[in-house]
Amino acid sequence: MKKLILGALLALEPLCADTIVIQNATVMTEGPKGIFKGSVVVRDGKIVDLGEKVMVPAGATVIEAGGQYLIPGIIDCHSHIAGSGSINEGSVSVSSMVNIRDIINPDDIAIYRALAGGVTTANILHGSANSIGGQTLPLKMRWGKSAQELIFAGATPGIKFALGENPKRAGNPQGGGRGAAGAIQVGRYPATRMGVEDVIREAFNDAKAYKVEWDAYDAQVAKGEHPIPPRTDLKLQALKEVLENKRYVHVHCYRADEILMMIRAADDNGFKVRTFQHVLEGYKVAKEIAEHGAGASTFSDWWAYKIEAIDAIPFNAALMTKKGVLVSLNSDDAELMRHLNTEAGKAMKYGGMNETEALAMVTINPAKQLGIDKTVGSIEVGKDADLVLYDGFPMSDFAKVQKVWIDGAQYFDRDKEVAAQAAKDAEKQQLLDKEKAAHGQQSTRRPNQ
Amino acid sequence: MKLLGLLMVSAMAAFAAGEVVLIQNADIYPMNGAPLKGGSLLIQDGKIVDIGAKLTAPKGATVLEGKGLRVYPGWIDSGTELGLEEIGSIRETNDTGEIGDFMPQLKALSAVNPDSEHFGVVRVNGITTAIALPGGGGRGGGGGIIVGQAALLHTDGWTWEEMEINRSAAMVLNFPSAAGRGGRGGMPDFPDMVPNASGADARRAVLDQIAKLNAFFDDARKYKTAKAANLLDFHKDLKFEAMLPVIDGKMPLAVNASRAAAIHDAIAWSEKQNVKIVFLQPREVAKAGPELKAKNIPVILGRVLTLPENEDAEYDEGYTQPFEAYKAGVKFALGTFTNEFVRDLPYQAATAVAYGLPHDEAMKALTINPAQIWGAGDLIGSLEKGKLADLMIVDGDPMDVRTQIRHLFIKGKEITLSNKQIRLYERYMSRQ
């Protein structure tokens, strides 16, 4: 029902009826057309044509992009922006009942900043305080739209799991786990990696029993019987969806041992890990990750900020790729999110990925990992017109984002941004002056001051 | 200066029988003038002994063919915790922030761990020199007013003594300001318009801190007088001893101040105290620019890749900071101020170029500018006869992420381009 209403709302909102032709750009498609110099034609929010020579439809808006580079919109497989307040329901070891969808804040300025960094889609994850965290979903960075309209329609939802230091911190008296008011939280299980494994296995033990109950009920209903339904358990419901392959598991992890543990726990319980997140030691168990069929979404070169990041290497992305793992590079950070293009560039430096392989790590690969590659992640006919135009080679720090489109609608324009700066500064000064004046009046009214 | 002289002697001694290397047919970018295409550079006894169109290799010299390659001076990161912090979240591995408000006697250098894995990691990206800051970031505690002496060091050496360029490159001061020490936090837009008690208290606290700071300087001067008078009951005081080069104007104060108001206050204060200053991580550079330029005060800009401080600021506020400093005519260098970002220093600079800074100015901000700002302009920062041979041979623009470093020299010694991370990579690539 909810889905129907949402569909209706989206239908009422006209996307972009305009036809746009972006011409003479170096187009890095990440699709079958590879890299070419030419044009991309966009109509009604979709890519309708591309090539060295295209027919320019009558009335189309033509954007001259000579010397510039056009790439698919960047996809961040791990972000925590656009949430209202905390995204970490860490009070319990299993918080699979909570959902990021319920706290989307479309006014978070981080959305606009991400957009200005070429990001058009981001997977918004729950925090990593517990072994099994909350439900997650990808958003499009449609700045200015409502929370509902940010949601990536049709995407398979996810759930966040977390291994290692973060989930065990709350249980460890030396772990520095502190509540908001600085009070030390004691005793929330687990306190070790052993306990993290147990929490996950116990949860799936329960979820499988829950699924058996519901499967039996569904079978009876299918036969036309009228049995009493089992009690709905919102916590187990999300895990049942994992077992039914209707919800992707994104696992925050660092060390090779815990990655392997997670693979075996998933194997034993009959589900797949969709992506390992951070996965800084993924290179040590790349073979096992590839065999399991999981993707890996990592940082390019972050390390040493905590002990489980001590063996991180900037070659992680390249090595895992060479060993057959589907790899993306993510941000987990509102600042890093703004230059994932150059994070991809580091895969060229560290481990010798070519430009297509490197760019794939922030476009088509995360799209595949999130199961949205049928609509986004590359420049191909029929896909959403999520596009980014750079003024230079897009994986070099010398390049900057010029224009960003989502569904064919332009959401960022550097020239307009720069042109508007003076007016915005003036408006701010006006408001400040008004505030100052009001404050001055207020002071004079106080008899004792 | 005497110290530097001594150091050079010791450096020469260490390389008396050292390597002789001739780099030939390379494009040499000296930073103090136009590039020399297809030129040669001769390294001997740890120093650059000659640069020319076509030099002949002395007997026994190693010849490096540089055709198609470029030679640049090594990068200098002007704000790090290298050697002082290993793992961010582990207190036991942090030696950056000591307890105490006035601690000028503390020296970062002698707490530097030469075997820190960070040195190997940053070296292979061309960082040959760094400022190691005491109290930077306060992750090991910290929060004092004068927090100790920053060291200028090489990123290679068996001991911290061998790594030293200058153990007393600057005295680090967190200048008290209304927005908190170092000018972070607070109410940036309305510092004087918060009509509540805590605002007034905060201002009182700032004035109190400045009074303490002035009193400390007064005491240091009295100490100097007493020492000169050589009185019978004179006792050596390590804190005040450490302050002597500062009050004599020989050692600059590296001042943490972020906002224009704090920068202005700190400049006025430094003039009253007659001390040399350089600013660390100023944020409101455009606003403070004219005054910085007029007073000829250099600044160390923080990370270019940083979020705007306020929600309503331009999205590219951090990216355009170096360009703002350049437009204002302020002399500046760059620092990353967090160990894990040190190796990204050239890429941070490249972002500044994308947002307006001329390419040459970005290069200077990582080489000759910091060398001069930190008082080592005669030793490092450019490729010149007589300078230390801190240089890299690369296959492209050194600020472009695609460029690879082929050879790296620190004090004339070729550095093996390996580290723990590269070894792990090779080891796990070989796993079947």
Of A:151, B:320, A:365, farthest towards positive along the dipole that unit charges on Lys, Arg, Asp, Glu beta carbons give the protein assembly as shown | B:320
Using just the helices of chain A, give the 222 nm mean residue ellipticity in deg cm²/dmol: DSSP H runs with n ≥ 4 each add -39,500 (n - 2.57), and the total is spread over all residues, rounded to 500.
-> -10000 deg cm²/dmol
Keeping every protein chain in place, order B:128, B:416 by accessible area at 1.4 Å, biggest value first, i.e. largest first.
-> B:416, B:128
Ignoring ligands, DNA and RNA, the residues of region A:398-419 whose accessible area with a 1.4 Å probe is reduced by 30 Å² or more relative to the chain alone are A:398, A:400, A:414, A:417
Compare the peptides B:204-211, A:331-338 by average per-residue count of other Cβ atoms within 10 angstrom and give them in order, highest first.
-> A:331-338, B:204-211
Let me have the 222 nm mean residue ellipticity of chain B computed from DSSP H runs of 4+ only, each contributing -39500 (n - 2.57), with the sum over all residues rounded to the nearest 500.
-> -9500 deg cm²/dmol
Sorting A:302, A:405 by accessible area (1.4 Å probe), largest first, what list results?
-> A:302, A:405
FRET efficiency (residue B:161, residue B:201; Cβ distance; R0 56 Å; to 0.05) is 0.75
Once you have a ≥ b ≥ c as the square roots of the Cα gyration tensor eigenvalues for the protein assembly as shown, tell me rounded if a/c is under 1.5, and otherwise prolate or oblate according to whether a/b is larger than b/c.
-> prolate
Tally the DSSP beta bridges in chain B and give the antiparallel ones as a percent, rounded to 5.
-> 55
Under a Gaussian network model of chain A whose springs join Cα atoms within less than 10 Å, the largest fluctuation of A:296, A:438, A:286 belongs to A:438
Chains B and A together, accessible area buried on both sides, 1.4 angstrom probe, square angstrom = 5000
Magnitude of the charge dipole, chain B, Cβ model with Lys/Arg +1 and Asp/Glu -1, debye to 20 = 920
May I ask you to order B:403-410, A:388-395 by the average number of other C-beta atoms within 10 Å around their residues, highest value first?
-> A:388-395, B:403-410
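If you roll a 1.4 Å probe over the heavy atoms of the protein chains, what accessible area per residue do you get for the protein assembly as shown, in Å²? Numbers along the way, then the final one.
Working: 35770 Å² over 881 residues.
Solvent-accessible surface per residue comes out at 41 Å².
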Taking chain B as the reference, fit the longest principal axis to its C-alpha atoms, fit the long axis of helix B:238-247 to the helix C-alpha atoms, and give the angle between the two in degrees, 0 to 90, nearest 10.
-> 80
Please give the average number of partner chain Cβ atoms lying within 10 Å of the Cβ of each residue in A:348-357, rounded to a whole number.
-> 2
Tally up the carbon and sulfur contribution to the accessible surface of chain B as a whole percent, 1.4 Å probe, everything protein left in place.
-> 53
Residue B:268-residue B:56 FRET efficiency (beta carbon distance; Förster radius 60 Å; 0.05 resolution) = 0.55
Counting DSSP beta bridges in region A:138-294, what percent are antiparallel, to the nearest 5?
-> 20
For region B:350-425, what is the charge dipole size about the Cα centre, in debye to the nearest 20, if Lys and Arg each add +1 at the Cβ and Asp and Glu each add -1 at the Cβ?
-> 400
Under the Debye formula (equal points on every Cα, no solvent term), log10 I(q)/I(0) of chain A at q = 0.12 Å⁻¹ = -1.04
Average beta-carbon neighbours from other chains, 10 Å sphere, peptide A:295-304 = 4
Cβ crowding within 10 Å averaged over residues, with B:245-253, A:132-140 ranked highest first = A:132-140, B:245-253
What's the angle, to the nearest 10 degrees (0 to 90), between helix B:197-229's Cα axis and the longest principal axis of chain B?
-> 70
Region B:312-432 shape via C-alpha gyration tensor axes, a/c threshold 1.5 = oblate
Restricting region A:261-300 to trypsin sites (Lys or Arg not before Pro) in coil, as DSSP defines it, with at most 15 other Cβ within 10 Å | A:272
If every Lys and Arg gets +1 and every Asp and Glu gets -1 at its Cβ, then about the Cα centre region A:38-122 yields a dipole, in debye to the nearest 20, of 160
Selection from A:353, B:424, B:157, by position along the positive dipole direction of the protein assembly as shown (Cβ) | B:157
Dipole of the protein assembly as shown [Lys/Arg +1, Asp/Glu -1 at C-beta], most positive-end residue of A:344, B:80, A:192 | B:80
Counting other chain Cβ atoms within 10 Å of each Cβ in B:399-405 and taking the mean gives 6
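The values are calculated or read from the model by the stated rules, or taken from the named source; none is laboratory data. All values reported here derive from a predicted model rather than from experimental measurement. Using ideal geometry, Cβ is built from the backbone for each residue, glycine included, and neighbour counts are taken over all protein chains shown. Ligands, DNA and RNA are excluded from the accessible area calculation, which covers all protein heavy atoms including side chains. Shrake-Rupley method; radii C 1.70, N 1.55, O 1.52, S 1.80 Å.
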